[in-house]
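Each remark here refers to the structure printed beneath this line.
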Amino acid sequence: IDKTGDEDSSFEPTMDKSPFITVLKEKFARGFRLGSSLDMKKFKRFYEAIHEEALELEDDEIEQIIRACGIVHEGKIYLPEIMISEESKEKILRYIMDSFSEGKTTIYYEALFRLFSDDFLGYYIYDADMLKAYLSYINEGNYHISKSYLSKDACSVSDPYDEVKSYLKNCAAPLDSDELCQILSHIPAAKVKHVLGTSSEFVNNGKSAYFHVSIVHFYDEDMEIIRDIISNAIRDNGFISGNELFTAIKSLRPHIVENNAAISSLGIRDTLKYHLGQEFSFNGNIISDTRKKLTMADVFADFAKKRTSFTLAELSTLASELETGIYFESVYEYAFRISLDEFMSKNNAKFFVEQTDKILDRFCSGNYISIKNISDFGIFPDAGFQWNSFLLEQYVYSFSKKYRLIHVGFNQRACVGAIVRRSTDIDTFDDFAVDVLANSGIELTKANALAYLVEEGYLARRNYTGIEPLLIRANAQRNIKGKK
């Protein structure tokens, strides 16, 4: 990558670039589109208005000079001096140099972008690739630029997997994943958590704390007795839950628990999964025969499938016995919820879909509406059950032809989420959050955004992983609308 960005260029203009930079700074802060006749016409018009003289050059010459003024990224020219504040630039460079001084060899652009996301609000660095282009431009030989990371030099490259493994093997107890991400802050948090979640040798101890499997020790005789416990339970019941296995281990081999006091029942279970995963099927908290693999979802789906009706209390009891949350999606394959406490088989569903969707049209004047904002159920057509938020949630989730349910998951005690027209391009909660925040009118800070999403009934709690890049996208969407 040369000083002008993504493409090599042998052209180096000899004339003074400062008048061009002035126009770009005042009129093209969001970038000048290369190859755009419209942007070229605007540029020449602005140039004449600002400098009170016409620009007597061919378009190709003008574009070459503009190209030499800044950074090329995705077909646009950006001025580096207005992409980010000087203070933020110094903060980022200081972080890079400090990281290398501390012994780190690799820093990922995605990690830097997330770490300094607040500094980019109101400026013109929108994603990790754009940050890479900026760092490439301002680099004065202080670091080596690679595709997804920068390093101290071309030979100093570390593997995230090796760094995660090395650190956890030297920990005597489980470590919170967020704390590990802070310790390895030069690696994107998503990459660290991907490493933790994709290798069975990194065991989840519960509440997002992880350890390396090597810190838990078993004797050979321990493993033989554990095999017998599992085999006997599968023979008698078809499966054994992880908590049942842990209880049996505490009774028959108490020293295992005593010698690994920091390891939870979940940690013991998944350590055994690492050692015995070729002999038995471990799916969540369900351990079964490898020839008939069962999952937690299978257990909940089978529970709903065999009943014409059941209650939330019954579901909660099953979840408690299996030490898990309720798998609502699996339940809703065969049942639907008619109230806070009651569920019915889908065989009993009697919705008038066309008429019900027309009623939703009356409530939803735009592209979406919160479930929370629909409370007048008297005008809905008969469905065989009394209309309420839970029945509405189920209708949209499983039956509506014109609307879809966009949410982060089913809530045990409340209906949270948005009813969105299927005709829109909104398919995920991320897309929805960007659109609703961009149109909200609130100041786009993390605290404000989360509070707004909760108050409007789109989230149950003021917590959403990955909200920072969504704020940047929402701010960009606002800027585009403001420009129009």
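The values are calculated or read from the model by the stated rules, or taken from the named source; none is laboratory data. Everything numeric in this text was worked out from a predicted model, so none of it was measured. As a convention, Cβ positions derive from the backbone with ideal geometry for all residues, glycine included, and neighbour counts pool all protein chains shown. Areas reflect the complete protein model, heavy atoms only, side chains present, ligands, DNA and RNA absent. Shrake-Rupley method; radii C 1.70, N 1.55, O 1.52, S 1.80 Å.
Within the group Ala54, Ala111, Ala49, which residue is out of contact with any Cys (no Cβ under 6 Å at 6 or more places or on another chain), small (Gly, Ala, Ser) and under 30 Å from Tyr149 (Cα atoms)? Step by step, each of Ala54, Ala111, Ala49 is checked, and only Ala111 is out of contact with any Cys (no Cβ under 6 Å at 6 or more places or on another chain), small (Gly, Ala, Ser) and under 30 Å from Tyr149 (Cα atoms). Sub-7 Å Cβ pairs linking a first residue in the range 171-197 that is closer than 21 Å to Glu102 by Cα to a second residue that is buried (at least 18 other Cβ atoms within 10 Å of the Cβ) and of a type in the set (Asp, Glu), at least 6 apart or interchain, are Leu184/Glu163; Ile187/Glu163; Pro188/Glu110, ordered by first then second residue.
Scanning the range 115-134 for residues that are outside any loop (DSSP other than H, G, I, E, B) and of a type outside the set (Asp, Glu) returns Leu115, Ser117, Phe120, Ala128, Met130, Leu131, Lys132, Ala133, Tyr134. Only one of (1) more than 18 Å from Glu110 (Cα to Cα); (2) within 19 Å of the chain's Cα centre (by Cα); (3) not charged (D, E, K, R) fails for Gln182. Which number is that? Result: Gln182 passes all but (1).
When every residue of the range 197-206 is checked against the conditions, at least one turns out to be touching a Leu at 6+ places or on another chain (Cβ under 8 Å), buried (at least 20 other Cβ atoms within 10 Å of the Cβ) and assigned to a strand (DSSP E or B).
Select from the range 207-230 the residues that are among the hydroxyl-bearing types (Ser, Thr, Tyr) and touching a residue at least 40 places away in the same chain (Cβ under 8 Å) and list them in ascending order. Those that are among the hydroxyl-bearing types (Ser, Thr, Tyr) and touching a residue at least 40 places away in the same chain (Cβ under 8 Å): Tyr210, Ser214. Select from the range 144-167 the residues that are open to solvent by less than 70 Å² (accessible area, probe 1.4 Å), out of contact with any His (no Cβ under 6 Å at 6 or more places or on another chain), more than 24 Å from Leu196 (Cβ to Cβ) and free of Cβ contacts under 8 Å to residues at least 24 places away in the same chain and list them in ascending order. If the condition is that a residue be open to solvent by less than 70 Å² (accessible area, probe 1.4 Å), out of contact with any His (no Cβ under 6 Å at 6 or more places or on another chain), more than 24 Å from Leu196 (Cβ to Cβ) and free of Cβ contacts under 8 Å to residues at least 24 places away in the same chain, then His144 is the only one that fits.
Every residue, every condition in (1) under 25 Å from Phe116 (Cβ atoms); (2) touching a helix residue (DSSP H, G or I) at 6+ places or on another chain (Cβ under 7 Å); (3) not hydroxyl-bearing (Ser, Thr, Tyr), yes or no:
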position	(1), (2), (3)
Lys147	yes, no, yes
Lys152	yes, yes, yes
Ser166	no, no, no
Lys169	no, yes, yes
Asp176	yes, no, yes
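Can you give me the number of residues within the range 373-407 that are in a loop (DSSP other than H, G, I, E, B) and either touching a Lys or Arg at 6+ places or on another chain (Cβ under 9 Å) or surrounded by fewer than 19 Cβ atoms within 10 Å (Cβ to Cβ) (or both)? Number of matching residues: 13. Checking Asp361, Asp357 one by one, the residue that is out of contact with any Asp or Glu (no Cβ under 9 Å at 6 or more places or on another chain), farther than 26 Å from Ala313 by Cβ, open to solvent by 20 Å² or more (accessible area, probe 1.4 Å) and of a type in the set (Asp, Glu) is Asp361 and no other.
Determine whether the range 169-179 contains at least one residue that is more than 21 Å from the chain's Cα centre (by Cα) and assigned to a helix (DSSP H, G or I). Scanning the range 169-179, I find at least one residue that is more than 21 Å from the chain's Cα centre (by Cα) and assigned to a helix (DSSP H, G or I), so the answer is yes.
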